[in-house]
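Below: the structure, in structure tokens.
The values are calculated or read from the model by the stated rules, or taken from the named source; none is laboratory data. The structure presented is a predicted model; accordingly, all values stated were derived computationally and were not measured. Note: ideal-geometry Cβ built from the backbone for every residue, glycine included; neighbour counts use all protein chains shown.
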Amino acid sequence: MIRCIGFDIEVLPNLFSVTFVSINDYLKVFADVNDNGKAVPLVQKLTVAEIKDRLDKVEKWQFWITDKDDSQLFPMVDFINKTAPRREYDGSITRTDLYGFNNYSYDNLMIAALLSYYVQADSSKELITRLYETSKTIIKSQDDFEAFKNDFYLNSLKQFKLPYVGIDVMRIFALNKASVIIDKDTGERKSVPKGLKQTSINLQWYELLEYELPPITDIDAHFYSKMDNYRGMDADKLNRLIDKWDRYIIDEWIPDMMHYNLNDVYIVCEIVRLNPDEIKSRYAVSKTYQVDVLNSSRSKTADTLFEKFYSKFSGLAPEQWKGGKTERTAMSFKKVIFPFIEFKTPALKNLLSELYGITIYRTSKDAFSKEVTIGNVTYNLATGGLHSQDRPMELWSTTSFGDYSSPTGGRKYTIYHYDVASYYPSIMADHSVYPEHLNKGAFVGLIKWMRDTRVTVKHSNEKVIDGIPKDVLALVLKIVINSIYGKFGFEKGSLYDRLAVLRVTVNGQLMLLMLCEALELEGISIISANTDGIMVKVYEDQEDKFNEISDWWREKTKMKADSDIVHCLIARDVNNYIAQFRTIKNGIPKLKLEYKGALNPFMYAIDLQKGYDMPIVAQAVSDYFLKGVPIMDTLQSATNILDFCKTQNVGRQFHVEETKVINGKVEHIVCQRYVRFYVSNNGVVIEKVHNDDGSRSRLAAGNVVTVLNTLDDKDIALRDINFRYYYQECIKIIDPIKLGITPKGKGKTKIKKNSGMYNSLFDEEDYD
């Protein structure tokens, strides 16, 4: 049995606190908050009052000590020590896993420090001082890997044998590397984490709470008057100089601190509740393959499993092959392009001839770029993959399908999504692309095994395959096989070979262009192309020719592909679209909905790395196109105010201010850095203000907003929503699609001029 407990630690100069919440109990209390068996954010099913009432019932434990009160020290330590595995009366073993956010790099180290120091310190003041100094050292070193690596003290804490197993949800969802910034001076890429507060917005958590203490006054100024750095300073100056995490706390403020602490742990519990499969998979993979991926992102899990699989296929121990790489200086496309690549049209023949003459020295996105037009479609070739230059579009298959409506009249056609199965892995497997420093037979054999086994698993009715649960094996193969190509270009990895990168991507693009050319020569129009597939428009009398060309291409390239029928395609561009696919289930025609990119109303929940930006807009656009629902109907029938909310990232070099008029005077009020707000008819102006130069930038330019960091049960009808703003945001997406005009350059003017021209003045029934 595994006890799962969420936890979080807070440290101030005179306080150490830790909060624990039973995740097992949390899941039971909110087990019914789902839609069709899938967990959904609490606010979608419960009122705030109901959420708070249920949270009160969840099993939890809170401990704190101050420099003057250590009465909870031994109960705190005892609770932590009892997380060690223990044998129950029935002979079973109970283990405890503690879940946190960034606990791998902070909270676990602080627990190690507590267990190391509490028996050594002569007083609670000495203990807390040492814990506070440790906390500052850890925080300071988190942005400096080398400093951390070379710090004996920190490494000793990292090696400390904790009684529990620590699970860091920040790492599982790769939120420690949510985005990347590039240093302007050095060009160095640096990962930027996404904090717990930002993540809570994606969860639609009801309370976006940042820790704040009241301003320093005479009540607590004496704490600082004895320090050399602050001696003689008044309260105003102290407030400007002292960071909130360097503040001393007085007893009456501790309950608020513990509430903040508890709220953070609840958010960790909610991440687990909303993403059970992602969590369970780490346990399943760890147990099945005898590896530790409990704190691993999908990318890290793929690395671990590839190491295990390749060692098995090659017969080599990891230390015999890991760490190798193939360095390249110049890479000629003569060594890249497969010999069977050929074209018929002058434009593509010329392109191929140009490519044979190219030599590049790097594989970054801008290292190689070509453009070619076939028919009415222009394609961009680059090191990352093939992309067509798509205009916004709305397309419907006009062939009949059950009782579902489609446009009528004219020559009937069907839209096909021609999708190449496991495209990049198949290129590696069937054309022997591999890192030159690894064993060719072992690497290619492994890729073939993973690809073919994945197909077997996908179509199998067996629950267990090769002694491994089907779901676990399917996930493992998906994670590993989809990661291999990216590892070719990772300089610090053991698959690094930039020529292998080019052999996969360049040939992948050229093979797709061979297909596009062959289809266009037969009058079959390409709609869109993107990396591993194309969308085509096939008239009824072209079906046989389409199938003939498809068969030719598969035989020529050795690739496998399927053609799915697209009922409708609503696309802003190649990476942002709504599609309905035609399927037959138990003999009954059904439509399967697929979203991609910014047009997905649920993107905020699917990918926690993404920002949160008024999902009601994407929902209104989807309902407008697919169901014919007027935009304003969707907006005004919404019941969840958080669907209207948005937020923006604010760097640490800024703070956030609300600007409002009070008694006829404009006042700037500093508020918390992460703010959740919606655009309203009346409200405040929110600006981020640079800490050094005071420069200002509005977060919702041209609009006033209502801040909603803490949700209440006010009726949405009383929220004073500026529906016109959200309507216009929908129109910004709909206009280009309906008009078929790309919103760039002169296209912006055309769209503005023709906005709404696609709407008929009168409906047909008005004449009846």
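The conditions are (1) more than 31 Å from the chain's Cα centre (by Cα); (2) under 26 Å from MET450 (Cβ atoms); (3) among the β-branched types (Val, Ile, Thr); (4) surrounded by fewer than 16 Cβ atoms within 10 Å (Cβ to Cβ), and ILE341 fails exactly one of them. Which is it?
With respect to (1) more than 31 Å from the chain's Cα centre (by Cα); (2) under 26 Å from MET450 (Cβ atoms); (3) among the β-branched types (Val, Ile, Thr); (4) surrounded by fewer than 16 Cβ atoms within 10 Å (Cβ to Cβ), ILE341 is out only on (4).
Quick one: ALA367 ticks every box in (1) hydrophobic (A, V, I, L, M, F, W, C); (2) in the same structural domain as LYS558 (by TED's automatic domain parsing); (3) in contact (Cβ under 8 Å) with a residue 24 or more places away in the chain; (4) over 29 Å from ILE733 (Cα atoms) bar one, so which box is it?
For ALA367, the exception is condition (3).
Could you name every one of the strands (runs of 3 or more DSSP E) located completely within the range 155-267 that has at least 1 residues being acidic (Asp, Glu) and touching a residue at least 12 places away in the same chain (Cβ under 8 Å)? First the steps, then the outcome.
Values: elements: 165-168, 179-182, 189-192.
The strands (runs of 3 or more DSSP E) meeting that bar are 165-168.
Does ILE181 satisfy being among the β-branched types (Val, Ile, Thr) and under 29 Å from VAL48 (Cα atoms)? Walk me through it before giving the result.
On the way: among the β-branched types (Val, Ile, Thr): yes; under 29 Å from VAL48 (Cα atoms): no.
Judged against the criteria, ILE181 is not a match.
Pick from the range 85-115 the residues that are of a type in the set (Gly, Ala, Ser) and modelled with pLDDT of 95 or more: which of them is farthest from TYR26 (Cα to Cα)? Steps first, please.
Quick first cut of the range 85-115, residues of a type in the set (Gly, Ala, Ser) only: 91-92, 100, 105, 112-113.
Checking which are modelled with pLDDT of 95 or more leaves us with 100, 112-113.
Working: GLY100: 15, ALA112: 26, ALA113: 29 Å.
This residue is ALA113.
Check THR634, THR647 and return the single one that is out of contact with any Ser or Thr (no Cβ under 7 Å at 6 or more places or on another chain), outside the structural domain of ALA174 (by TED's automatic domain parsing) and under 24 Å from PRO392 (Cα atoms).
Working: THR647 fails: under 24 Å from PRO392 (Cα atoms).
It is THR634.
How many residues, within the range 397-440, are at positive phi and either of a type in the set (D, E, K, R) or buried (at least 21 other Cβ atoms within 10 Å of the Cβ) (or both)?
As a first pass, look at the range 397-440 and keep what is at positive phi: 402, 409-410, 422, 432.
Subsequent filtering for residues that are either of a type in the set (D, E, K, R) or buried (at least 21 other Cβ atoms within 10 Å of the Cβ) (or both) retains 422.
Number of matching residues: 1.
Read through the list (1) within 28 Å of ASP151 (Cα to Cα); (2) under 34 Å from the mean Cα position of the chain (by Cα); (3) polar (S, T, N, Q), then give the number of the only condition that SER116 fails.
For SER116, the failing item is (2).
Give ALA121, ALA147 a once-over and let me know the one that is at pLDDT below 95 and closer than 29 Å to LYS68 by Cβ.
So the residue among ALA121, ALA147 that is at pLDDT below 95 and closer than 29 Å to LYS68 by Cβ is ALA121.
Only one of (1) on the phi < 0 side of the Ramachandran plot; (2) in contact (Cβ under 8 Å) with a residue 24 or more places away in the chain is not met by GLY375, so which one is it?
For GLY375, the failing item is (1).
Restricting the range 218-254 to residues that are over 20 Å from LYS136 (Cα atoms) and of a type in the set (Lys, Arg), which is surrounded by the most Cβ atoms within 10 Å (Cβ to Cβ)? Steps first, answer last, please.
Going through the range 218-254, the residues over 20 Å from LYS136 (Cα atoms) turn out to be 218-222, 225-226, 231-237, 250-254.
Within this subset, residues satisfying the condition of being of a type in the set (Lys, Arg) are 226, 231, 237.
On the way: LYS226: 8, ARG231: 9, LYS237: 12.
Only one residue fits best here, namely LYS237.
Run down LYS537, LYS545, LYS560 and say which single residue is touching a Ser or Thr at 6+ places or on another chain (Cβ under 6 Å) and of a type in the set (Lys, Arg). Explain how you work it out, then say what you get.
On the way: LYS545 fails: touching a Ser or Thr at 6+ places or on another chain (Cβ under 6 Å); LYS560 fails: touching a Ser or Thr at 6+ places or on another chain (Cβ under 6 Å).
Every option except LYS537 fails the conditions.
Which of the residues belonging to the range 519-541 are in a helix (DSSP H, G or I) and surrounded by fewer than 20 Cβ atoms within 10 Å (Cβ to Cβ)? Before the answer, list the steps.
Residues of the range 519-541 in a helix (DSSP H, G or I): 519-521, 540-541.
Scanning the range 519-541 gives GLU520, LEU521, GLU540, ASP541.
What pairs come out if I take residues in the range 383-406 that are free of Cβ contacts under 8 Å to residues at least 24 places away in the same chain and pair them with residues that are buried (at least 19 other Cβ atoms within 10 Å of the Cβ) whose C-beta lies under 6 Å away, six or more apart or interchain?
If the second residue must be buried (at least 19 other Cβ atoms within 10 Å of the Cβ), the pairs left are THR398/TYR413.
Return the total of residues in the range 454-473 being more than 26 Å from ASN547 (Cβ to Cβ) and surrounded by fewer than 18 Cβ atoms within 10 Å (Cβ to Cβ).
Keep residues of the range 454-473 that are more than 26 Å from ASN547 (Cβ to Cβ), which gives 457, 460-473.
Narrowing the set further to residues that are surrounded by fewer than 18 Cβ atoms within 10 Å (Cβ to Cβ) leaves 460-471.
So the answer is 12.
For the range 596-615, state whether one or more residues are more than 30 Å from SER297 (Cα to Cα), modelled with pLDDT of 95 or more and touching a Pro at 6+ places or on another chain (Cβ under 8 Å).
Going through the range 596-615, the residues more than 30 Å from SER297 (Cα to Cα) turn out to be none.
Among the residues of the range 596-615, not one is more than 30 Å from SER297 (Cα to Cα), modelled with pLDDT of 95 or more and touching a Pro at 6+ places or on another chain (Cβ under 8 Å), which makes the answer no.
List the number of the failed condition for MET428; all other conditions in (1) out of contact with any strand residue (DSSP E or B) (no Cβ under 9 Å at 6 or more places or on another chain); (2) modelled with pLDDT of 95 or more; (3) more than 30 Å from ASN576 (Cα to Cα) hold.
(3)
Can you tell me which condition ALA620 does not meet? The list is (1) surrounded by 21 or more Cβ atoms within 10 Å (Cβ to Cβ); (2) not in a helix (DSSP H, G or I); (3) not assigned by TED's automatic domain parsing to the domain that holds HIS387, and all the others hold.
Going through the list (1) surrounded by 21 or more Cβ atoms within 10 Å (Cβ to Cβ); (2) not in a helix (DSSP H, G or I); (3) not assigned by TED's automatic domain parsing to the domain that holds HIS387, ALA620 breaks only (2).
Check off (1) surrounded by 15 or more Cβ atoms within 10 Å (Cβ to Cβ); (2) of a type outside the set (Val, Ile, Thr); (3) over 28 Å from ASN640 (Cβ atoms) for MET1 and give me the number that stays unchecked.
It fails just one condition, (1).
Filter the range 1-49 for residues that are under 26 Å from the mean Cα position of the chain (by Cα) and either among the β-branched types (Val, Ile, Thr) or at positive phi (or both) and give the result.
The answer is ILE5, ILE9, VAL21, ILE23, VAL33, ASN36, GLY37, VAL40, VAL43.
Are any residues in the range 562-589 over 20 Å from TYR413 (Cβ atoms) and in contact (Cβ under 8 Å) with a residue 24 or more places away in the chain, and if so, which ones?
Result: ARG572, ASP573, VAL574, ASN575, ILE588.
Of the residues that make up the range 224-232, is at least one in contact with a Pro (Cβ under 6 Å, 6 or more places away or on another chain) and at pLDDT below 90? Let's see the steps before the verdict.
At the first step, the residues of the range 224-232 found to be in contact with a Pro (Cβ under 6 Å, 6 or more places away or on another chain) are none.
Checked against the condition, which is being in contact with a Pro (Cβ under 6 Å, 6 or more places away or on another chain) and at pLDDT below 90, the range 224-232 yields no hits at all.
Of GLY493, GLY508, GLY489, which residue is in the same structural domain as VAL566 (by TED's automatic domain parsing) and touching a helix residue (DSSP H, G or I) at 6+ places or on another chain (Cβ under 9 Å)?
Working: GLY493 fails: in the same structural domain as VAL566 (by TED's automatic domain parsing); GLY489 fails: in the same structural domain as VAL566 (by TED's automatic domain parsing).
Testing whether each residue is in the same structural domain as VAL566 (by TED's automatic domain parsing) and touching a helix residue (DSSP H, G or I) at 6+ places or on another chain (Cβ under 9 Å) leaves just GLY508.
Filter the range 280-313 down to residues that are assigned to a helix (DSSP H, G or I) and hydrophobic (A, V, I, L, M, F, W, C) and give me whichever is farthest from GLY166 (Cα to Cα). Spell out the reasoning first.
Filtering the range 280-313 for residues assigned to a helix (DSSP H, G or I) gives 280-289, 298-313.
Add one more test, that the residue is hydrophobic (A, V, I, L, M, F, W, C), and what stays is 284-285, 302, 305-306, 309, 313.
Working: ALA284: 16, VAL285: 17, ALA302: 20, LEU305: 21, PHE306: 24, PHE309: 26, PHE313: 32 Å.
This residue is PHE313.
Wholly within the range 651-757, which strands (runs of 3 or more DSSP E) include no fewer than the required count, namely at least 2 residues that are over 29 Å from ALA49 (Cα atoms) and not assigned by TED's automatic domain parsing to the domain that holds ASP633?
Details: elements: 654-662, 665-671, 677-690, 696-698, 705-707.
Because the criterion is at least 2 residues that are over 29 Å from ALA49 (Cα atoms) and not assigned by TED's automatic domain parsing to the domain that holds ASP633, no strands (runs of 3 or more DSSP E) in the range 651-757 meet it.
Quick one: which of TYR104, TYR89 is among the aromatic types (Phe, Trp, Tyr), without any contact (Cβ under 8 Å) to a residue 40 or more places away in the chain and either touching a Lys or Arg at 6+ places or on another chain (Cβ under 7 Å) or over 30 Å from VAL11 (Cα atoms) (or both)?
After ruling out the rest, the residue left standing is TYR89.
Would you pick out the residues in the range 679-689 that are over 12 Å from ASP720 (Cβ atoms) and under 28 Å from the mean Cα position of the chain (by Cα)?
Passing the criteria: ILE686, GLU687, LYS688, VAL689.
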